[in-house]
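What follows is a set of notes on a single structure, which appears directly below.
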Amino acid sequence: MAGHMSATSETSIVEGSPVYPLGSRVNERGHLEVGGCDVVEVAAEFGTPVYMYAEDDIRARARAYLDAFRARTEDFEVLYASKAAPVTAIYRLCAEQGLSVDVASGGELHMALRAGLDPTRIYMHGNNKTEAELRYALEAGVGHLIVDSFGEIARLDAVLDRSQDVLSYVQTGGLDSKFGFGLEDGLAARAIAEVRSSRHLRLVGLHAHIGSQIFELEPYAAAIKALAELADGEWECRILNVGGGLGVAYTSADQPPSIDSYVDVKARGVQRVFDPVPRVLIEPGRSLVGNAGVTAYEIGTVKEIPSVRTYVSVDGGMSDNLRPMLYGSRYEAIVANRAGQAPDRLATVAGMHCESGDILITDVMLAGPSPGDILVTPATGAYGYAMASNYNGVPRPPVVFCKGGDARLVVRRETYEDLTGRDVE
Ligand SMILES: Cc1ncc(COP(=O)(O)O)c(C=O)c1O
């Protein structure tokens, strides 16, 4: 019974937590379970570090987006912003759920096509698309390109020998950005005129993305209003892509708005200020996959510096999760094989890289962290795998889908051979 009682005391940390994948729990063995799979067993089978995704979590969030739209309009499209986790299996899963896709490079386009996506449902972004990328997109039959600069308008028009639907990227949040055409300085209006007078580009709509990890909804309404004023001309804005950006809970202190209220602001916001009302597109990345994923590591060294801190080092770090170093992002952690025990030790979780700044979490309470334990950081499903590197010659971790107790490898771990596989001599 002791185990049962301690597992119950853990309920508040895992079960029902907005940070962990839906359905996560502490099982009868006192282990963390994700997608019905015992994390300790997954770590033993696939090695560590390993990215684990609860497949049903992504599906549920995709459905939540679609249901929220269906309740408000028939004319919409939800695009998976695949930069968040460009994994072939995730592209497929999103397509199965009825989502379209946003790609931001030739490489993401390639992965989306390899995943079997209908090219007409692909939207291609990029503030500096090369001519080769533009040609690739056109040859593949990509439905819409989002034009981002005057140079690109000219380049795209020059390589085309037929008409191509485009959206124009409008920068609604100030002038000083490498993305899009500013509103206030009149460049957005000039870009519209330029696209409309081009030979082959057909302007079908506008796009704006006001940022990421956003917790307030009001700025979306303001951006939509600004776009409506811009669209109020002698051309018809048939598509309005209002970007992604909905924030997620990285720790239990984070309380992002619901998917439903986010869609409400966007769908109703457009209905309120546009006449005629265009098709509404959104591009969620983080909020589709962020909380669906966790990363499992093995603890190696535990270094206690008396009166200073205890470093718990894991077998990954900035090469599989750059966000703490890049943005100072805060994460939670749990010792998966002691998930039923109350956290009793203040520790700093360090990576294995040759950088003193390679710290995943400063000051987190853990349950008796010891060498050989499996440490899990939740909410690593977005921009973790996507930004992974081979720093220090570390092979990138595998990706495992967990569903109903089945763990399925969807991306294998890189090998040492992969590290030298591109050498030419
Ligand atoms: C143009 C565009 N769309 C969509 C996204 C996805 O944003 P998020 O992951 O915050 O939903 C981004 C992220 O940077 C973006 O630049």
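All of the numbers you see were taken from the coordinates with simple rules; none came from a lab. Since this is a predicted model, take the numbers as computed values, not measurements. Neighbour counts run over all protein chains shown; Cβ positions are idealised from the backbone, glycine included.
Under the definition of Cα pairs under 8 Å and six or more residues apart, what whole-number percent is the relative contact order of the chain?
Here the relative contact order equals 21 percent.
At most 15 other Cβ atoms within 10 Å and a DSSP loop assignment: could you name the trypsin sites (Lys or Arg not before Pro) in the stretch 137-197 that fit?
Arg162, Lys178
Sequence neighbours fewer than 8 away in the same chain don't count; with that in mind, list the lysines whose C-alpha is under 18 Å from Lys178.
Lys83, Lys129
Of all GluC sites (Glu not before Pro) in the stretch 22-93, which ones are in loop regions per DSSP and have a Cβ with at most 12 other Cβ atoms within 10 Å?
Numbers: sites: Glu28, Glu33, Glu41, Glu45, Glu55, Glu74, Glu77; in loops: Glu28, Glu74.
Sparse-neighbourhood loop GluC sites (Glu not before Pro): Glu28, Glu74.
Please compute the net charge surrounding Arg413, taking Lys and Arg as +1 and Asp and Glu as -1 over other residues with Cβ under 13 Å from its Cβ.
-4
Tell me which of Gly98, Tyr53, Ala132 sits at the most positive position along the dipole axis of the chain, charges placed on C-beta atoms (Lys, Arg +1; Asp, Glu -1).
Among Gly98, Tyr53, Ala132, the one farthest towards the positive end of the dipole of the chain is Gly98.
Can you compute the modelled spin-label distance between Arg408 and Asn27, with each label point 7 Å from Cα toward Cβ, in nm?
For Arg408 paired with Asn27, the spin-label model returns 1.9 nm.
Considering only the chain, what is the antiparallel percent among its DSSP beta bridges, to the nearest 5?
Taking every DSSP beta bridge with both residues in the chain, the antiparallel ones total about 45 percent.
In nm, to one decimal, how far is the Arg70 label point from the His110 one, both placed 7 Å along Cα→Cβ?
Calculated label separation equals 3.7 nm.
Which whole-number percent gives the relative contact order of the stretch 72-289, counting Cα pairs below 8 Å spaced six or more residues apart?
For the stretch 72-289, the relative contact order is 20 percent.
Please give the peptides 250-258, 277-285, 362-370, 298-306 ranked by average Cβ packing (other Cβ atoms within 10 Å per residue), highest first, as a rough proxy for protection. Can you show the working numbers first?
Working: 250-258: 15.3, 277-285: 23.6, 362-370: 17.6, 298-306: 13.6.
Answer by packing, highest mean first, reads 277-285, 362-370, 250-258, 298-306.
Work out how far the C-alpha atoms of the stretch 235-320 reach from end to end along every principal axis, then list the three figures in whole Å, largest first.
Dimensions of the stretch 235-320 along the principal axes of its Cα atoms: 67, 24, 19 Å.
Shape verdict for the chain, please, from the Cα gyration tensor: rounded (a/c under 1.5), prolate (a/b greater than b/c) or oblate.
prolate
If I take every Cα pair under 8 Å that is 6 or more residues apart in the stretch 207-331, average their sequence separation and divide by the length, what percent do I get for the relative contact order? Before the final figure, lay out each step's value.
Values: 157 pairs, mean separation 30.4, N = 125.
Relative CO of the stretch 207-331 lands at 24 percent.
In whole Å, how far is the Cα centre of the stretch 332-357 from that of the stretch 208-252?
37 Å
Of Phe215, Ser24, Ser163, which is farthest on the positive side of the dipole of the chain, counting Cα position, with +1 on Lys and Arg Cβ, -1 on Asp and Glu Cβ, and the Cα centre as origin?
Positive-most Cα among the choices belongs to Ser163.
Grab the Cα-Cα distance for Glu184 and Tyr327, subtract it from 0.36 nm times how many residues apart they are, and report the gain in nm with one decimal.
Gain on stretching Glu184 to Tyr327: 48.6 nm.
With +1 on each Lys and Arg Cβ and -1 on each Asp and Glu Cβ, how big is the dipole of the chain about its Cα centre, in debye rounded to the nearest 20?
On the way: 39 positive and 57 negative charges, 77 e Å.
Charge dipole of the chain: 380 debye, to the nearest 20.
Separation of the stretch 165-189 and the stretch 97-160 by C-alpha centroid, Å?
The two parts, judged by their Cα centres, are 19 Å apart.
Kindly identify the stretch 72-289 as rounded, prolate or oblate by the Cα gyration tensor criterion: order the square roots of the eigenvalues as a ≥ b ≥ c, call it rounded if a/c is under 1.5, otherwise compare a/b with b/c, prolate if a/b is larger, else oblate.
Oblate.
Quick one: what do you get for the stretch 299-345 if you divide its Cα Rg by 2.2 N^0.38 Å?
1.33
Kindly identify the stretch 42-150 as rounded, prolate or oblate by the Cα gyration tensor criterion: order the square roots of the eigenvalues as a ≥ b ≥ c, call it rounded if a/c is under 1.5, otherwise compare a/b with b/c, prolate if a/b is larger, else oblate.
oblate
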